[in-house]
Amino acid sequence: MERELIIRSTPSGVEIALLEDSKLVELHQESEDSNFQVGDIYLGRVKRINPGLNAAFVDVGYKRDAFLHYTDLSPNIKSIIKFTQYGLRGNTQYARLDKFPFEPKIVKTGRINNAINKKNPVLVQILKEPISTKGPRLTCEITLAGRYIVLVPFGQGVGISRKIASSEERKRLVRLMESIKPGNFGVVIRTIAKGKKVAELHEDLNNLVQKWEKISKILKGKTPPKKIIGELDKTSTLLRDLLNESFSKIVVNDQALQNDIKNYVAKIAPGKENIVSIYKGRNPIFDSFGITKQVKSLFGKTVTTDSGAYLVIEHTEAMHVIDVNSGQRTDNNADQETNAFNVNVESAEEIARQLRLRDLGGIIIIDFIDMKNPANKKKLIEIMRKAMALDRAKHTILNLSKFGLMQITRQRVRPELNIVTSEVCPTCGGSGKIGPAIVILDEIERKLEYLFKKQNHASLKLYVHAFLYAYLKDGILTKQLHWWWKYRKWVKLYKSDDFNLVEYHFFDKNDEEININ
């Protein structure tokens, strides 16, 4: 699989598109004033303690107080508060924690009013970004993520990613990390650490320990609420988490940003900095890589697959609901069960892509087309799990219910990406909306293939707007000629100034209109 990162710098921020085999799978938007990202560390002030919820509301500078539950306090919360007090007074002698005088741990079943109070500033980390009307969710179990490991101050022991399957490699990494990690720091070994040498892991560990020591120094004299240290920007975070041998190129449209990214890649993956290049094309960078067109066709309520099947994606306050429809996809040589299975398989792969692309979280209910064969149901679940294997968000996929519904829970740490793809109607002057004009030719070609191959029309008449007519007739090798070579059947083109820009109609040889939804 080839991966490409296309980065567009705009006056308001940065947009990042991740392509896998030229298909858009992730789209990130980062504004210049973006705050309260997952991983940011703040000095907060407890505003209110709610014993009924066993939680506290903490002021971190957001318009709504952030939520901190007892289970997110960390067993060493009293030690963390003590460390914070030392830092505020400028005492950095215990920054490395190896000689830090620890306080007793709190119990899992305790009460929050016995652990923290309004008098003490508290060091917290953003666990979930603000979503809808809710403020950020916080944790006191601070973690610092590096390329190969995650450092856990006040933690103990070494954890390792479950995706590293080899028992020998797991033992090697754990044994190695136990020998080099400093005291009173826990470590989680990431999947990308597989096969890495001790020097690379040791360098990553030292960088993270230095970052923790920096936090201790920054705390001096600070008054809450105050941002202490931020997580990497989204571009650097993606590179840190995803950069591997499958990355073939990183293209940026801004020279300063390209230099920053090149330096960062040289730091985390020496030798791969040559894959970073500056875009010099005349068209907008997202247009040149086909991203604009994919965004227009992949966002919105209805998403159509290459074969003509389509998904209807609805959002409610409690969950996301996805309905799978066969549309124009039918194989006349296959039975109903086979047709249903084929549509479901293609839809499962597209759904996995949509979950990553839109960053949908919480509960997702998928209504697949009914199948009777238990073996097909089992295969569909395996295909969905395989399709979601590349998804970095934590998720759980349940078996199909007796009603043919699949339930998925997916980690939700930031607001979903919602892009409006409808365009103002050129005919009614803005009183209505139509589908995106950029994908109209794809829609016409899908319907042509259906009419010629499935319904066996010998010839067709296509009425379009004058602008679209001119485009289809443009050049020597016109679109009309391309269709003839592809299907060996002729499409007669007619123009109508009465049509709106994306309106078109098919007629058969008897001049009877063909209605296709």
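Just one of (1) without any contact (Cβ under 8 Å) to a residue 60 or more places away in the chain; (2) touching a strand residue (DSSP E or B) at 6+ places or on another chain (Cβ under 7 Å); (3) under 28 Å from Met388 (Cβ atoms) fails for Leu201. It is (3). Selection within the range 5-20: residues that are open to solvent by 20 Å² or more (accessible area, probe 1.4 Å) and in contact (Cβ under 8 Å) with a residue 24 or more places away in the chain. The member of this set that is farthest from Asp254 (Cα to Cα) is Glu15.
Restricting attention to the range 359-391, which residues are open to solvent by less than 20 Å² (accessible area, probe 1.4 Å), closer than 16 Å to Lys23 by Cα and either modelled with pLDDT of 90 or more or part of a helix (DSSP H, G or I) (or both)? Passing the criteria: only Met388.
I'm trying to understand the selection: among the residues of the range 454-492, which are among the basic types (Lys, Arg) and without any contact (Cβ under 8 Å) to a residue 24 or more places away in the chain?
Initial filter on the range 454-492 (among the basic types (Lys, Arg)): 454, 461, 473, 479, 486, 488-489, 492.
Lys473, Lys486, Arg488, listed by residue number.
Counting only residues that are in contact (Cβ under 8 Å) with a residue 40 or more places away in the chain and either under 22 Å from Leu138 (Cα atoms) or in contact with a strand residue (DSSP E or B) (Cβ under 9 Å, 6 or more places away or on another chain) (or both), the range 74-112 holds 17 of them. Across the range 191-209, which residue is surrounded by the most Cβ atoms within 10 Å (Cβ to Cβ) among those that are farther than 23 Å from Leu97 by Cα and touching a Lys or Arg at 6+ places or on another chain (Cβ under 8 Å)? So the residue we want is Ile192. Touching a Phe, Trp or Tyr at 6+ places or on another chain (Cβ under 8 Å) and either surrounded by fewer than 21 Cβ atoms within 10 Å (Cβ to Cβ) or over 27 Å from Leu298 (Cβ atoms) (or both): does that describe Ser31? Here the answer is no, as Ser31 does not meet what is asked. Selection of the range 178-201 for residues being more than 30 Å from Gln85 (Cα to Cα) and part of a helix (DSSP H, G or I) yields Ser179, Thr191, Ile192, Ala193, Val198, Ala199, Glu200, Leu201. Give the range 55-73 a look and list any residue that's buried (at least 17 other Cβ atoms within 10 Å of the Cβ) and either touching a strand residue (DSSP E or B) at 6+ places or on another chain (Cβ under 7 Å) or over 23 Å from Ile215 (Cα atoms) (or both), or say none. Answer for the range 55-73, where residues must be buried (at least 17 other Cβ atoms within 10 Å of the Cβ) and either touching a strand residue (DSSP E or B) at 6+ places or on another chain (Cβ under 7 Å) or over 23 Å from Ile215 (Cα atoms) (or both): Ala55, Ala56, Phe57, Val58, Asp59, Val60, Asp65, Ala66, Phe67, Leu68, Tyr70, Asp72. When Ser161 is tested against (1) open to solvent by 10 Å² or more (accessible area, probe 1.4 Å); (2) more than 30 Å from the chain's Cα centre (by Cα), just one condition goes unmet, and that condition is (2). Among the residues of the range 177-190, those that are hydrophobic (A, V, I, L, M, F, W, C) and either open to solvent by less than 30 Å² (accessible area, probe 1.4 Å) or in contact with a Gly (Cβ under 6 Å, 6 or more places away or on another chain) (or both) comprise Met177, Phe185, Val187, Val188, Ile189.
Restricting attention to the range 259-288, report how many residues are assigned to a loop (DSSP other than H, G, I, E, B) and surrounded by fewer than 16 Cβ atoms within 10 Å (Cβ to Cβ).
Initially, the range 259-288 is screened for residues assigned to a loop (DSSP other than H, G, I, E, B), giving 269-272, 279-284.
Retained after the next criterion (residues that are surrounded by fewer than 16 Cβ atoms within 10 Å (Cβ to Cβ)): 270-271, 280-284.
Going through the range 259-288 one residue at a time, the tally reaches 7.
Counting only strands (runs of 3 or more DSSP E) wholly contained in the range 434-515, the ones carrying 2 or more residues that are loosely packed, with under 15 Cβ neighbours inside 10 Å occupy 491-495.
Considering only residues that are without any contact (Cβ under 8 Å) to a residue 60 or more places away in the chain and surrounded by 13 or more Cβ atoms within 10 Å (Cβ to Cβ), which ones fall in the range 113-123? Reasoning before the result, please.
Residues of the range 113-123 that are without any contact (Cβ under 8 Å) to a residue 60 or more places away in the chain, as a first pass: 114-115, 119.
Matches in the range 113-123: Ala115 only.
Considering only residues in the range 128-143 that are open to solvent by 20 Å² or more (accessible area, probe 1.4 Å) and in contact with a Leu (Cβ under 9 Å, 6 or more places away or on another chain), the one that is nearest to Leu53 (Cα to Cα) turns out to be Arg137. With respect to the conditions (1) surrounded by fewer than 18 Cβ atoms within 10 Å (Cβ to Cβ); (2) in contact with a strand residue (DSSP E or B) (Cβ under 8 Å, 6 or more places away or on another chain); (3) touching a residue at least 24 places away in the same chain (Cβ under 8 Å), Val174 falls short on a single one, namely (3).
For the condition modelled with pLDDT under 90, at negative phi, in contact with a helix residue (DSSP H, G or I) (Cβ under 7 Å, 6 or more places away or on another chain) and surrounded by 14 or more Cβ atoms within 10 Å (Cβ to Cβ), Thr292 qualifies.
The values are calculated or read from the model by the stated rules, or taken from the named source; none is laboratory data. A quick note: this is a predicted structure, and the numbers were derived from the prediction, not measured. FYI the Cβ positions are ideal-geometry reconstructions off the backbone, even for glycines, and counts take in every protein chain you see. The area values use the complete protein model at the heavy-atom level, side chains included, leaving out ligands, DNA and RNA. Shrake-Rupley method; radii C 1.70, N 1.55, O 1.52, S 1.80 Å.
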